[in-house]
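The values are calculated or read from the model by the stated rules, or taken from the named source; none is laboratory data. These numbers were taken from a predicted model, which means no experiment stands behind them. Methodologically, a virtual Cβ is constructed for each residue, glycine included, from the backbone with ideal geometry; neighbour enumeration extends over all protein chains shown. Side chains included, ligands, DNA and RNA excluded: accessible areas come from the protein's heavy atoms. Shrake-Rupley method; radii C 1.70, N 1.55, O 1.52, S 1.80 Å.
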Amino acid sequence: MGDKRSILKDLRRRASALHAYSDNNELYSIVGSLIQRDLTTSKCRELISTFEEKHLFYFALFKPQIENPKKSWIENAKRDITNIRKNTAAPSLRECYAISEVISRNVVLMCEYEEDGFRGIEIEPVISEKDNKNDTPLILFLRFDEENVHFIRCDENINRFIDCGLTITNGKHLKCLDKRFRNNFDTLRHFLLDSEFHFFSCYSFPDAFPVEMTNMFELFAQIIYGTQTNEKGVKDLIKAHVEADDYIQVYMQLVNVKENFSKNIQKNEKKAVKLEAQLTKESFRKRMIDWKSAEKVHLFALASLFNAEIYVVSPEDVSGREVSDLYLPICGSYLYTFESPLVFKIKKGSTSFEVNFEKQCQCCRKTPEIIGEFPIANNAIDLERIRSLDLIPCCPPKSRHGLHEHYKHILENNKLPDQRDITPWPGGLPNDIKHINDILAEEGRQLEHLLGGKGTLAQCISKEVFGDEDVELPISFTENNLERSLQIVADWTGFPIYIFQNCKENCSWELKTPITCVKATNCRYFITLFLQKENGNQYVDRIISKTGCNCMLAPPYVAKKVDGKE
């Protein structure tokens, strides 16, 4: 208790001194020395603002401090950042998130709480890799007065504050979608001092469970920004996102904008290709800003913009059986997808979306199960379009060149190192195997040729999970029953298994699904294996991605089996 009082006394004294000499540069004075020795506050302001402008896809999501209705949301956000850089305006909450990215460290925003001592939230970088050499968070003590927020750096170890009663209110939700984009210190302060601090989400409807709206853009404005009046801002963000040079070709694949351009093209035969591309892009833009309803392309854009999984659940028939569509981020530069998915329901015969908010984070709620389909549950979109999308990893590595963490749930339990042997098989490939590789290459896959393609199921799964085909598995297989053994693997890993078989004139994929999916709800991973019979023996080989990981590819197409009696 004495330690707590001495810390509080010192922080109050320092806050009082800042109140008397405040010039809106406190935060930059603190951060400047962390970035570069003798970095002035003006240079620090410029560096942080330049970083925000460079990564506008993320920082434009933060609500502008001043909204000019005659300007677009993006224009207001740019002016906001420029005003802070050039006119020494007070930093907003957005700058705290930018600082975390620039210094590649977590930042703890902490304030005094009367009964429990201290409360705070922890900010984790979402677009910049953390500096593993310095994993100590920067602790900032916030002192609020009528006009300003004062920042004081705390050099003490965070454990000392925890011993004095510090509660990190979002300690279990660092990777969840929250209220950051409201960009409001008052919202943050209310949350920090809320008696129900265990509840952490972007929840915005205090009196209504569930909430139903016909306009998805209004609904997102309410969820993310706390008011439906920011619907136009959400539309501005979507428009800017899908029309970005890096993304527009991806989103155009999701919309059928082919029209009859023959008359125009006939008049300009020399420029036919260029003119058709121009007309197609114009048609796409018109379709995007129609805004009559939220189409699939809008839902993919919303998922990518706000870095969250979106489930849309709708009844299929009179029996009330629900069908779930999953929309994942397909464009962006985030390190990971937020772990709090948004689930919307469409009632039968209705055009409205229903979302059920409870006093808990969305990461705690059960999501609809979707197995074997990706990134949208049904086949409404041509598989060729899906395969061409630039998909981001769902379980990224801790370091830039590390391994994806799809098997974290198994590796932690077995406490075995995951060491990948990527040495290629030294022998040549027979012609029939080259033919298989040619087929797989069309989908961005190839045979690993493990042990010359003469491996067993156990060896392939050992290599798949532990990186070494000689590791003994903690599961046992049914002798002479490959079908049952494949099901055992699916149930143990929690991942669907796609099996490619070569039967002389016909090659096909089959699917084994686990009884229970892997618990990481945002994981899109699946296993791919090759089975081949030769001289009475059955061999198994791994099928791997040519350029990355299975989570960045669409799953193989599995043809439906038709009963011959029909």
So residue 209, is it at pLDDT below 60 and open to solvent by less than 80 Å² (accessible area, probe 1.4 Å): no
In region 121-161, residues that are closer than 21 Å to residue 190 by Cβ and open to solvent by 20 Å² or more (accessible area, probe 1.4 Å) total 8
Contacts under 7 angstrom Cβ, first residue in region 147-170 being over 16 Å from residue 117 (Cβ atoms) and in contact (Cβ under 8 Å) with a residue 40 or more places away in the chain, partner β-branched (Val, Ile, Thr) and part of a helix (DSSP H, G or I), 6 or more apart: 151/30; 153/30
In region 81-102, the residues that are more than 16 Å from residue 56 (Cα to Cα) and among the polar types (S, T, N, Q): 87, 88
Out of 75, 112, 122, report the one residue that is more than 21 Å from residue 156 (Cβ to Cβ) and either part of a strand (DSSP E or B) or within 30 Å of the chain's Cα centre (by Cα) (or both). 75
Answer residue from region 357-386, given it is farther than 28 Å from residue 553 by Cα and surrounded by 13 or more Cβ atoms within 10 Å (Cβ to Cβ) and is modelled with the highest pLDDT among those: 361
Just wondering, is there one or more residues in region 327-342 that are outside any helix (DSSP H, G or I), open to solvent by 10 Å² or more (accessible area, probe 1.4 Å), at pLDDT below 70 and of a type in the set (A, V, I, L, M, F, W, C)? no
Which of the residues that make up region 68-91 are in contact (Cβ under 8 Å) with a residue 40 or more places away in the chain, more than 18 Å from residue 54 (Cβ to Cβ) and not aliphatic (A, V, I, L, M)? 72, 73, 88
Does residue 57 satisfy the condition of being buried (at least 16 other Cβ atoms within 10 Å of the Cβ) and modelled with pLDDT of 95 or more? no
Is it fair to say residue 439 is closer than 17 Å to residue 411 by Cα and either in contact with a helix residue (DSSP H, G or I) (Cβ under 6 Å, 6 or more places away or on another chain) or open to solvent by 40 Å² or more (accessible area, probe 1.4 Å) (or both)? no
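Yes/no matrix, rows are residues, columns are (1) surrounded by fewer than 19 Cβ atoms within 10 Å (Cβ to Cβ); (2) modelled with pLDDT of 80 or more; (3) of a type in the set (Asp, Glu); (4) not in a helix (DSSP H, G or I):
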{"residue": "192", "(1), (2), (3), (4)": "no, no, no, no"}
{"residue": "198", "(1), (2), (3), (4)": "yes, no, no, yes"}
{"residue": "233", "(1), (2), (3), (4)": "no, yes, no, no"}
{"residue": "241", "(1), (2), (3), (4)": "no, yes, no, no"}
{"residue": "270", "(1), (2), (3), (4)": "yes, no, no, no"}
For region 235-251, the count of residues that are under 19 Å from the mean Cα position of the chain (by Cα) and without any contact (Cβ under 8 Å) to a residue 60 or more places away in the chain equals 1
